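Encoded as structure tokens, the structure appears first; notes follow it.
The values are calculated or read from the model by the stated rules, or taken from the named source; none is laboratory data. The shown structure was predicted, so the numbers you read here are calculated from the model rather than taken from an experiment. Using ideal geometry, Cβ is built from the backbone for each residue, glycine included, and neighbour counts are taken over all protein chains shown. Ligands, DNA and RNA are stripped out before the accessible areas are found, and what is left, the full protein with its side chains, is counted by its heavy atoms. Shrake-Rupley method; radii C 1.70, N 1.55, O 1.52, S 1.80 Å.
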Amino acid sequence: MSNTPRRWPWFTVAPLCLTVYGLIRLSDPTHNPGFAWSLGHLALLASVLAFVPAMWRMRRWAAAGRGPTVRALAGAATAAGLLGAAAVTAQAAIDLVVGFLCADRAAMNVMFDSVRSHPGVTPAVYTVLPLLFYVGMVLLTAQLAAMRRIAAWRPLVVVAGIAVTAASLDLMPLGGLLLLLALAPLDRQQQLAVPAPAPV
């Protein structure tokens, strides 16, 4: 029996779940509460949660064999990404609860307005902090590319995937597929080639 710890394909699961969410969202143009709303937001939640270990692994790759400055940069990018992931997770959870409690779109809008009326909720959950999720992801992939630990085109495709999703949520399936193209191959690289640490 092998003692090797099991590694989950987070770099594949995360963008794939985002693509599924985008497709479900397109299949339900009314965005009313119901099965599609709940299933889609569960896929979104799964995507964000899968990105957490993916970003953590990128942080380890970026910091391995490097000095304190590089490690600090990788840590800051990861902290930003995780804070953003927490915000997106909160947003998905709110959407799930609202969809469960409401009978139609009008009731959902009223409840969403009530949630957003609380001070700090809009920037923390809907506008400012969620952006850090994408900032962290871009910074980590850019740092790995600058260190030549991943191909230079990968962060560019990550930026493209984020950009098309930001341009229109209807393009989220395309954005998810672009992220899948950029990140999924990293699941096969359990250990990136890194230089040996300098002697103390």
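With an 8 Å cut-off on Cα pairs and a minimum separation of 6 or more residues, tell me the relative contact order of region 69-200 in percent.
24
Ranked highest first by the average count of other Cβ atoms within 10 Å around their residues, in what order do 83-96, 157-170 fall?
Packing proxy ranking, top to bottom: 83-96, 157-170.
Positive end of the dipole of the chain, charges at C-beta (+1 Lys, Arg; -1 Asp, Glu), about the Cα centre: which of Val135, Ala146, Ser117 has its Cα farthest in that direction?
Ala146
Just from its helices, what would the mean residue ellipticity at 222 nm be for the chain, if runs of 4 or more DSSP H residues each count -39500 (n - 2.57) and the sum is divided by every residue, rounded to the nearest 500 deg cm²/dmol?
-23500 deg cm²/dmol
Across bins of 5 angstrom width beginning at 0, how are the C-alpha pair distances of region 10-157 distributed, in whole percent?
Each 5 Å bin holds this share of Cα pairs: 2, 10, 16, 19, 17, 13, 9, 6, 5, 2, 1, 0.
Tell me, what % of the accessible area of the chain is carbon and sulfur with a 1.4 angstrom probe?
Here it works out to 70 percent.
Hey, with R₀ at 22 Å, roughly what FRET efficiency would Arg188 and Ala152 work out to, going by the Cβ-Cβ distance, to 0.05?
0.75
Starting at the first residue of region 155-162, write each ³J(HN,Hα) from the Karplus equation 6.51 cos²θ - 1.76 cosθ + 1.60 with θ = phi - 60°, in whole Hz, x for Gly and Pro.
x, 5, 5, 4, 4, 4, x, 5
How would you rank 34-40, 180-186, 107-113, highest first, on the average number of other Cβ atoms within 10 Å across their residues?
Ranking, from highest mean packing down: 180-186, 34-40, 107-113.
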